[in-house]
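Participant: My questions will all concern the structure given below.
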Amino acid sequence: MSRELTHALIGFFGVIAVLGGVFLAAYGGDSLDAVIVLTNRASLLLIGSNSFDSVGGGFLANIGISLASMVVATVLGVSLGGATTAPNPMVRNTAILVVNLMRNSPWLVVLYAMLYLIPFRLSIFGTEYWVSPAAKAVVGLSVPVTAYMSEVFRAGIQSVPDGQWESARALGYRRGAILRRIILPQALPQMIPNIMTTYAMLFIGTSLVVVTGTKDVLSVAKTVIASDGDDYATAVYLFVLLLFFIYCYPIATASRAIEQKIRKAGLHG
Amino acid sequence: MFGFDFSWLGDPLYQSWFMKGLATTLLLSVVAGILSILIGIVGAAILHFRTPFLAPFTVILIDLFRNTPPLVQLFFFYFMLSDVGFSFTDPLTGASMPVFSGFTCVVLSLCTFNGAIAIEIIRSGISSVPSQTVEGARSLGYTRRQVFLTMELPLALRMTVPLMTNNIVSIIKTSAQASLVAVTDITYYATQAMLETFLNIEVMMVLWLIYVAIATIVSLGARAISRAVRIPGYGLVS
């Protein structure tokens, strides 16, 4: 077993042990009762329904929202990142301004803003659509993440040496073709760890969608606490912390490992 | 203008709300910012000297706090510590105040999340101090502690100003979640103003602009600091 993997496993089980220790310290003799409450409510917290046969939200909603925002943010971020490297100064400066505006805005405020900016009903070609809170959450989370993705994309493009651009231009490639066929294939591997870090950050940010009224894990947790009593608040929040940790930690650790591998390859190659 | 109504901005009540909220937000950010840098220095020192027992514990805490949402941490602290219920007597009013108020819990959750990141930042700075510098100092008779305090730490702090700035800006942005535990920061007052005026979009736009302005001012200030303390030949010029 490699050293990194050992370290990662120690971190993983160490954190679970710490959370377990806090749980025991908080509940003492009543730990068993709290465990029973948690096992009864586990399906509600995980998939948002009382039994495991249907899906209604919970932690799964967080995962779904994060994946959807990631797709939106990647598509928009790539175009915006491309614009920040555009040769036209007008386009470039506007794009840089937009990125900075989006990056410097608090996620919570953006989510609140989207809650009111996006109408409840949307009519497209005469058909009425009801805009669900989850859709608003996806749009709200995509705003800051688009800015981060465009930065990742720009840094990736800039990590490719200028000589590649110049020789491709000398061979008669157009700008779009150079980006697509020469720069991107080289830049993509460099971008993977940063994309993963951004996704982990986005996933941590999905905890904020509780303000939009989605059935995410935190709002389910609040419902559970309201119905089972404040005594179990600590246990429920420890469980939610554990869920987030189990999902984010492998992503963060893997992205760091890949980054180190790339750096080593860069030093030797 | 575009059918927006900004006349409420002239109302002294809303102005005083926004000023009060702004003061709380800035106080939160300053306290949490200073504490997170201190946590970063102490944590990096513990990891650097491989302090027995403390070092593995610090690594585990970093893993825990970096990979969980600060909002869940905040709710957790808020519920767990309010049960503990220490209180102190306010010397000015004589009233009994809970130690773990909403404000303390917000500072705590900002410190744990961004403090963990600060430790990593300072650690990366220490590891980028050239080994020749450290070896040179050691051969001149400096102890490991002296090398750390007089060379590695100051150099690391100087080299990591841009990363630390991102962390501080992140604290300012994350402090908006204070409104969710009824701490009267600027987001809290903005939601109150929305409830009264029903001008949701306008209030949100003003709030958004205020946050962007604070973040931009901090970034610009930090860029000036970064230029002033830059070590020639190290790091990127920004």
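Every read-out reported here was derived from the displayed coordinates using simple, explicitly stated rules and does not represent laboratory data. From a predicted model like this one, the values you see are computed outputs, not experimental measurements. Neighbour counts are summed over all protein chains in view; Cβ atoms, including those assigned to glycine, are modelled from backbone coordinates with ideal geometry.
Participant: Let me make sure I get this right: for the protein assembly as shown, a, b and c are the square roots of the gyration tensor eigenvalues over alpha carbons, sorted descending. Under 1.5 in a/c it's rounded, otherwise prolate if a/b > b/c, else oblate. Which is it? Show your work: numbers first, answer last.
Facilitator: On the way: a/c = 1.37, a/b = 1.10, b/c = 1.25.
Rounded, because the longest to shortest axis ratio a/c is under 1.5.
Participant: What percent do you get for the relative contact order of chain B when only Cα pairs under 8 Å and 6+ apart count?
Facilitator: It comes to 27 percent, rounded to a whole number.
Participant: Rounded to the nearest Å, what's the spacing between the alpha carbon centres of the stretch A:143-190 and the stretch A:192-240? Just the number, please.
Facilitator: After rounding, the separation between the Cα centres reads 36 Å.
Participant: Antiparallel as a % of all DSSP beta bridges within the protein assembly as shown, to the nearest 5?
Facilitator: The answer is about 90 percent antiparallel.
Participant: Averaged over its residues, how many other protein chain Cβ atoms are within 10 Å of peptide B:57-63's Cβ atoms?
Facilitator: That works out to 5 on average.
Participant: Taking a virtual spin label 7 Å from the Cα of A:VAL55 along the C-beta vector, which residues in the stretch A:190-225 bring their backbone nitrogen under 15 Å of it?
Facilitator: Within reach of a label on A:VAL55, which here means backbone N under 15 Å from a point 7 Å along Cα→Cβ, the stretch A:190-225 contributes A:215-217.
Participant: Please give the length that would be gained between B:ARG227 and B:MET19 if that part of the chain were fully extended, namely 0.36 nm times their separation in residues minus their C-alpha to C-alpha distance (nm, one decimal). Could the numbers behind the result be given before it?
Facilitator: Values: separation 208, 0.36 × 208 = 74.88 nm, distance 3.17 nm.
Stretched fully, the B:ARG227-B:MET19 segment lengthens by 71.7 nm.
Participant: Hydropathy first: keep DSSP H helices in chain A averaging at least -1.0 on Kyte-Doolittle, then drop any whose Cα extent along the axis falls short of 20 Å, and list what survives.
Facilitator: Passing helices, by number: A:3-27, A:31-47, A:59-84, A:89-103, A:133-159, A:184-205, A:233-268.
Participant: If I require 18 Å or longer along the helix axis, counting alpha carbons, and a Kyte-Doolittle average no lower than 0.5, what helices from chain B are left? Use full DSSP H segments. Don't jump to the answer; show the numbers that get you there.
Facilitator: Details: long enough: B:12-48 (53 Å, 1.56); B:70-84 (20 Å, 1.48); B:102-127 (37 Å, 1.39); B:161-174 (19 Å, 0.92); B:200-228 (42 Å, 1.47).
Long hydrophobic helices here: B:12-48, B:70-84, B:102-127, B:161-174, B:200-228.
Participant: Please give every one of the aspartates and glutamates within straight-line cross-link reach of B:LYS20, meaning a C-alpha to C-alpha distance under 18 Å, and leave out same-chain neighbours fewer than 8 residues apart.
Facilitator: Straight-distance partners of B:LYS20: B:ASP11, B:ASP185, B:GLU196.
Participant: Taking just the alpha-carbon atoms of the stretch A:25-88, what radius of gyration and Dmax come out, in angstrom?
Facilitator: 20.9, 69
Participant: Using a cut-off of 18 Å between alpha-carbon atoms, which aspartates and glutamates can reach A:LYS264, once sequence neighbours fewer than 8 places away in the same chain are excluded?
Facilitator: A:GLU4
Participant: Suppose only helical runs count, i.e. DSSP H with n ≥ 4. What mean residue ellipticity at 222 nm does that imply for chain A under -39500 (n - 2.57) per run, divided by all residues and rounded to the nearest 500 deg cm²/dmol?
Facilitator: -25500 deg cm²/dmol
Participant: In peptide B:159-165, what is the residue-averaged number of other protein chain Cβ atoms found within 10 Å of each Cβ? If you can, show how the numbers build up before the last one.
Facilitator: Details: counts 0, 0, 0, 0, 0, 0, 0.
Mean shielding count: 0.
Participant: Continuing with the same structure: Per-residue mean of other chain beta-carbon atoms within 10 angstrom of the beta-carbon, peptide B:177-185?
Facilitator: Mean partner-chain Cβ count within 10 Å for B:177-185: 2.
Participant: In whole Å, what is the distance between the alpha-carbon centres of the stretch A:110-135 and the stretch A:1-69?
Facilitator: When both Cα centres are located, 32 Å separates them.
Participant: Structure shown: which of A:LYS136/B:LYS173; A:LYS261/B:LYS173; A:LYS215/B:LYS173 lie over 26 Å apart, alpha-carbon to alpha-carbon?
Facilitator: On the way: A:LYS136/B:LYS173 20 Å; A:LYS261/B:LYS173 32 Å; A:LYS215/B:LYS173 24 Å.
Table pairs above 26 Å Cα-Cα are A:LYS261/B:LYS173.
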